[in-house]
Amino acid sequence: MIGEKMENALNKQVNAEFYSSFLYLSMSADFESKNFKGFAQWLKIQAEEEYQHAMRLYQHIIERGGKVKLQAIDAPKIDWKAPLEAFQDAYEHEKKVTGMIYNLVEAARGEKDYAADSMLKWFVDEQVEEEANTLQIVEQLKMIGDSKGSIFMLDHQLAKRKES
């Protein structure tokens, strides 16, 4: 049985993961409107991954006899000036989520909730990947600068991302 503190903390993270999904879907929509189909594709897949993260937490709460308590999701930003700005925002957001996951691990350990601690290991590992992926795109965009041809090439490359 999941404790009340852990249940509440995980419910808060479910909401945060759904927000992440909305944020990346909003970025994808912005790129679609600017005819950057590759950036849009990459971010749409990222939005789906974030949704799956929320559902992983959702399922853990259910399996432990807890109650999922969905909350309102804040509206994300809807417009970015350039691909670099969007991916810098994505990278900063992933760093924030990493901190939230670390706080959950600390809470699980403090509550001696070994099941939550074990489940959260997957999220710790996932956040390493999430930060690395967004940082790589940020660094590529910084190298590219204002080169329209290079931005087009990166957009084409990111279009090749497949759902995982």
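The values are calculated or read from the model by the stated rules, or taken from the named source; none is laboratory data. Quantities reported herein were computed from a predicted structural model and do not represent experimental measurements. Glycine gets a Cβ as well: all are built from the backbone with ideal geometry, and neighbour counts include every protein chain shown.
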Revision key, fill the gap. The lone condition Val97 fails out of (1) modelled with pLDDT under 95; (2) crowded, with 17+ Cβ neighbours inside 10 Å is (1)
Check your understanding: What number goes with the only condition from (1) buried (at least 17 other Cβ atoms within 10 Å of the Cβ); (2) farther than 22 Å from Gln136 by Cα that Glu63 does not pass?
Key -> (1)
Review point. Which one of Tyr102, Tyr91 is under 19 Å from Val14 (Cα atoms) and at pLDDT 95 or above?
Key: Tyr102
**Study point:** Leu43 vs. criteria closer than 27 Å to Ile2 by Cβ and either modelled with pLDDT of 95 or more or in contact with a His (Cβ under 7 Å, 6 or more places away or on another chain) (or both)
**Key:** no
Check your understanding: Which of the residues that make up segment 32-86 are part of a loop (DSSP other than H, G, I, E, B) and of a type in the set (Asp, Glu)?
Key -> Asp74, Asp79
Study note, to complete from the structure: The condition of being in contact with an Asp or Glu (Cβ under 8 Å, 6 or more places away or on another chain), surrounded by 11 or more Cβ atoms within 10 Å (Cβ to Cβ) and within 30 Å of Asn8 (Cβ to Cβ) holds, among Glu111, Glu130, Glu126, only for Glu130
